[in-house]
Amino acid sequence: ALLPGGLFAVSFFNANHIDIRSRSSGALLSQINISAYADADGFAEAGDMLYHAGFLYVAIQRLNRGATDALWPPEGTSYLLKIDTTNYTIAATTLSHTNPISRLHYNAARDSIIFAAAGRFAANYQLDGACLEFSVASATLLAPLISEAQAGYEIADCEITAGGSGIFSGYDAALNSVFGGFNTTGPQVTSIAAFLNRNNGGYLAGFLLHSNGNVYLADRNIFQPGVRIFNGATLAELTATTLSTGLPPLTLEEVP
C-alpha cells in the first residue's frame with residue numbers, strides 16, 4: 001500500500017509485522033508489530049491493505065497452518081486493523097465472518113471499505129463467508145451486504161457499483177468459477193455473467209470496477225487467458241473475445 005511522504009507498507013503471511021519502507025530506495029524505516037493478533041500457530045497472516053485518509057487498513061486472516069482436516073482454514077476470529085499512519089497506533093475491528101481474502105475496496109459513494117471474508121475457502125468449501133462492509137465514517141462493521149448462504153456461492157471478491165447493485169466473483173459447489181451480480185435488498189444473486197468450468201484448468205481470479213463504470217475481469221482459463229470487460233450496470237459482456245494477456249492474469253489495477 002502506498003503511503004504519504006514517499007513511503008509504502010508491506011504485509012507478510014510469514015511475519016508478524018508490517019514493513020514501512022521508502023519508495024525511492026526500498027530502505028526499511030519502521031515496522032508495525034501485529035503479533036497481538038496471531039492465532040495459536042504464531043502468525044496473524046496479514047493479507048490485503050488499503051491506505052485512505054490518514055489510515056492504513058489491514059485484513060488479518062488468522063489461518064491454522066497445522067490443521068489436518070483442511071488446508072490453512074481460518075481459526076477463531078479475523079480482524080480489520082485501522083492503523084494511524086502518524087504514530088502507528090492500531091484499532092482492531094472483529095469481523096462477523098472469517099478469512100478476509102479479497103482486496104479491500106474503498107467505495108467513495110458509500111464512504112466504506114468493501115471486501116470478501118470467505119471463511120473456509122476453495123478446497124475447504126463451505127458457505128460460511130460473506131461480503132462485508134466497514135463504514136469509514138463511523139469506523140464500524142456494517143451488516144453483511146450478502147452472505148454466502150444467501151448467495152449460494154463461495155464469495156472470493158465483491159463490490160458495489162455506482163448504481164448500488166453488487167458484483168462478486170467466487171465458486172459454485174463443484175468449484176467452477178462464477179462472476180455475477182446481486183442485490184442488497186434480498187439479498188440474493190440476480191445474475192451470473194461469466195462461468196468458467198474447473199476442467200478448463202483455471203479460474204476467474206478477480207475483477208476491477210473501473211471509474212469508467214465498466215468491470216474488468218481477470219480470466220485465468222489456461223486455454224484462453226486474458227481480460228474480459230463487462231458493463232457495470234447490466235453486466236452485459238462488452239468483449240466479443242477475451243483480450244489476450246499471454247499468461248493468466250491475476251490482479252488488475254486502475255492507473256490514474
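The values are calculated or read from the model by the stated rules, or taken from the named source; none is laboratory data. Note that this is a predicted model, so its numbers are computed, not measured. Please note: Cβ atoms are built from the backbone with ideal geometry, for glycine as well, and neighbour counts cover all protein chains shown. In case anyone asks, the SASA skips ligands and DNA or RNA and just uses the protein heavy atoms, side chains included. Shrake-Rupley method; radii C 1.70, N 1.55, O 1.52, S 1.80 Å.
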Near pairs, Cβ below 7 angstrom, 6+ apart or cross-chain, from segment 20-48 (farther than 22 Å from Ala67 by Cβ) to any residue that is part of a strand (DSSP E or B) and among the aromatic types (Phe, Trp, Tyr): Arg21/Phe8; Arg23/Phe8
From the list Ser96, Ser11, Ser24, pick out the single residue that is open to solvent by less than 40 Å² (accessible area, probe 1.4 Å), at pLDDT 95 or above, out of contact with any Cys (no Cβ under 6 Å at 6 or more places or on another chain) and of a type in the set (Ser, Thr, Tyr). Ser11
Which condition breaks for Ile83 when tested against (1) touching a strand residue (DSSP E or B) at 6+ places or on another chain (Cβ under 6 Å); (2) of a type in the set (Val, Ile, Thr); (3) open to solvent by 30 Å² or more (accessible area, probe 1.4 Å)? (3)
Which is of a type in the set (Ser, Thr, Tyr) and within 21 Å of the chain's Cα centre (by Cα), of Thr234, Thr239, Thr161, Thr245? Thr161
So His97 ticks every box in (1) within 18 Å of Phe168 (Cα to Cα); (2) not in a loop (DSSP other than H, G, I, E, B) but one. Which box is left unticked? (2)
Residue satisfying all of: in segment 126-138; of a type in the set (A, V, I, L, M, F, W, C) and open to solvent by 10 Å² or more (accessible area, probe 1.4 Å); nearest to Phe115 (Cα to Cα) among these: Val136
Over segment 222-253, the set of residues in contact (Cβ under 8 Å) with a residue 24 or more places away in the chain and out of contact with any strand residue (DSSP E or B) (no Cβ under 6 Å at 6 or more places or on another chain) is Ile222, Pro225, Ala233, Ala236, Pro248, Thr251, Glu253
Any pair with Cβ under 6 angstrom, 6 or more apart, that starts in segment 137-148 at a residue that is β-branched (Val, Ile, Thr) and ends at one that is surrounded by 20 or more Cβ atoms within 10 Å (Cβ to Cβ): Ile146/Cys131; Ile146/Phe182
Cβ-Cβ under 9 Å, sequence separation 6+ or interchain: first residue in segment 113-125 and touching a residue at least 12 places away in the same chain (Cβ under 8 Å) and buried (at least 24 other Cβ atoms within 10 Å of the Cβ), partner of a type in the set (A, V, I, L, M, F, W, C) and part of a helix (DSSP H, G or I). Which pairs? none
Scanning segment 194-217 for residues that are out of contact with any Ser or Thr (no Cβ under 9 Å at 6 or more places or on another chain) and not polar (S, T, N, Q), the one modelled with the lowest pLDDT turns out to be Gly201
Is it the case that segment 44-61 has a residue that's of a type in the set (Phe, Trp, Tyr) and at pLDDT below 95? no
